[in-house]
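Enquirer: The following block contains the structure, expressed as structure tokens.
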Amino acid sequence: MTPTPRRSDSLSLKQARRIVLAAQGFGQPRAETPARRRDLKAMIERLGVVQIDSVNVIARAHTLPGFSRLGRYDTADLETLAYNGRKRSLFEYWGHEASYLPVDLQPAMRWRMARAARGEGTYGGLARFGRERQDLIAEVRREIADRGPMAAAELSHDHRGEGGWWGWSDGKRAIEWLFWAGIVTTKTRRGAFERVYDLTERVLPKHIVEAPTPDDAEAHRTLVRIAAGAMGIATERCLRDYFRLEVADARAAVASLVEAGELVPVTVEGWSKPGYLAAQARIPRRIEARALLAPFDPLVWQRERTEALFGARIRLEIYVPEHKRTHGYYVLPFLLGDRIVARTDLKADRARSTLIVQAAHAEAGIAPADIVEPLKAELDLMALWLGLEQVEIKRRGDLAGALGQG
């Protein structure tokens, strides 16, 4: 490792990439044996947030960041961390989007819960519902308090909507308002990833429920500090986006952390905005990463940042008509060393026990011969992790032919 730059220093783009990748957990070699639950817990605590998404083309999207960094691990460990009664290590709330967050962060999210209860920082329709239907919200809270954990569909106050606002019933709106306000939280998930809700004080560990609530400014500093540690180096906008903070809140937190010496302003080659370096960040001399990255991975979820760091313009094409897609439906960028070198459109065909590579494209300027073998190895590892027996390469994309040989 080389020393952290002094306040007046500038960084090359390669240095910035290595800082980011090390901060994101790509700086250490994976173990050959499956990762332990404590490794997964440490990884999520390092990141501070894992975005939850029900997309299940390969595996649930939130299970993929663990595989990208740790290799094989038991996804049941993630469920245990998130839903193991009051011993849980994670909880669900609005972090980046819907997210798993370390339970220790719950007090630092109470400002968002309080604002949501006031109708601030949430969906306009939900805020309006909160103003107009406090009677029903109180009824739903009482029902959960009296009957115990339940899904929204199990509420007796299930007044059907008329197709607007996602077709939500009034009962569903009430329970979502309570979730935003921090009054209820997810006790567990079941079936088709359906949330089961309970009162927050009956779900979270007792020491978290009883922990003091920091003032808003301290909470924002905590979140920006975690974001900076997880990103290594970032612009103010990216620090703000990590936990979706308001501009003024994030700006004040960044300024305070700079004054305290926890963030170091630096210039980065090719960046139009100043970077802020976490004071404890280090610059590895090399990064030997090999990883397939989910579309919602925190390394790539901020698209402008990804392009500035890696020169790769990544867009989610799930909602793009098929004939307009460039790289495919569910595309995972392939990280090799400190560069994004390819993109793979993947699908798990569980009926055939096959991981299908529907398309594979090399990034501009990357020779397929340099990446075929490591990409094959990563695809084989993913298939093994998913319990699939084979990898099938479709002949779409400029990398597919070389990938399918042998």
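Since every read-out is calculated from the coordinates, none of them should be taken as a lab result. Remember, predicted model here, so these are calculated numbers, not experimental data. Backbone-built Cβ (ideal geometry, glycine too); neighbour counts: all protein chains shown.
Enquirer: Which lysines does residue 273 reach when only Cα atoms under 18 Å apart count, and residues fewer than 8 places away in its own chain are ignored?
Expert: Partners found: 14.
Enquirer: If the reach is capped at under 20 angstrom between alpha carbons, list the lysines near residue 376, excluding any in the same chain fewer than eight residues apart.
Expert: 347, 394
Enquirer: Rg/Rh for region 329-406 to two decimals, with Rh computed the Kirkwood way over all alpha-carbon pairs. The partial results should precede the final answer.
Expert: Details: Rg = 11.7 Å, Rh = 12.4 Å.
A ratio of 0.94.
Enquirer: Pairs of alpha-carbon atoms within less than 8 angstrom and 6+ residues apart define the contacts here; what relative contact order does region 119-204 have, in percent?
Expert: It comes to 29 percent, rounded to a whole number.
Enquirer: Along the positive direction of the dipole of region 224-352 (beta-carbon charges: Lys, Arg +1; Asp, Glu -1; about the Cα centre), which of 337, 309, 231 reaches farthest?
Expert: 337
Enquirer: Longest exposed-loop-site-free stretch of the chain, with trypsin sites (Lys or Arg not before Pro), DSSP loop and at most 14 other Cβ within 10 Å?
Expert: After excluding every exposed loop site, the longest remaining stretch is 161-284.
Enquirer: Using Cα positions and a limit of under 22 Å, work out the lysines in reach of residue 87, with same-chain residues fewer than 8 apart set aside.
Expert: 41, 187, 206
Enquirer: So, with +1 on the Cβ of K and R and -1 on the Cβ of D and E, and no other charges, what is the size of the charge dipole of region 119-204 about its Cα centre, to the nearest 20 debye?
Expert: About 200 debye.
Enquirer: Diagonalise the Cα gyration tensor of region 119-204 and give the resulting equivalent ellipsoid semi-axes, square root of 5 times each eigenvalue, largest first, whole Å.
Expert: Ellipsoid semi-axes (Å, largest first): 19, 15, 13.
Enquirer: Each residue of region 212-219 in turn: what ³J(HN,Hα) in whole Hz from Karplus with 6.51, -1.76, 1.60 and θ = phi - 60°, glycine and Pro shown as x?
Expert: x, 8, x, 5, 4, 5, 5, 4
Enquirer: Work out, step by step, the length gained on full extension between residue 390 and residue 76: first 0.36 nm times the residue separation, then minus their alpha carbon distance; give nm to one decimal. It would help to have the intermediate numbers written out before the result.
Expert: On the way: separation 314, 0.36 × 314 = 113.04 nm, distance 2.27 nm.
So the extension gain works out to 110.8 nm.
Enquirer: What percentage of all Cα-Cα pairs in the chain are separated by more than 29 Å?
Expert: Roughly 49 percent, once rounded to a whole number.
Enquirer: Follow-up question, since we're still on this one. What number, in percent, do you get for the relative contact order of the chain if the mean sequence gap of Cα pairs under 8 Å and at least 6 apart is divided by its residue count?
Expert: On the way: 737 pairs, mean separation 75.3, N = 406.
About 19 percent, as a whole number.
Enquirer: Follow-up. Which of rounded, prolate, oblate describes region 170-213, given a ≥ b ≥ c as roots of the alpha-carbon gyration tensor eigenvalues and a/c under 1.5 marking rounded, otherwise prolate only if a/b is larger than b/c?
Expert: It comes out oblate by the Cα gyration axes.
Enquirer: Simple spin-label model, 7 Å along Cα-to-Cβ: residue 269 to residue 123 in nm?
Expert: According to this spin-label approximation, the distance is 4.5 nm.
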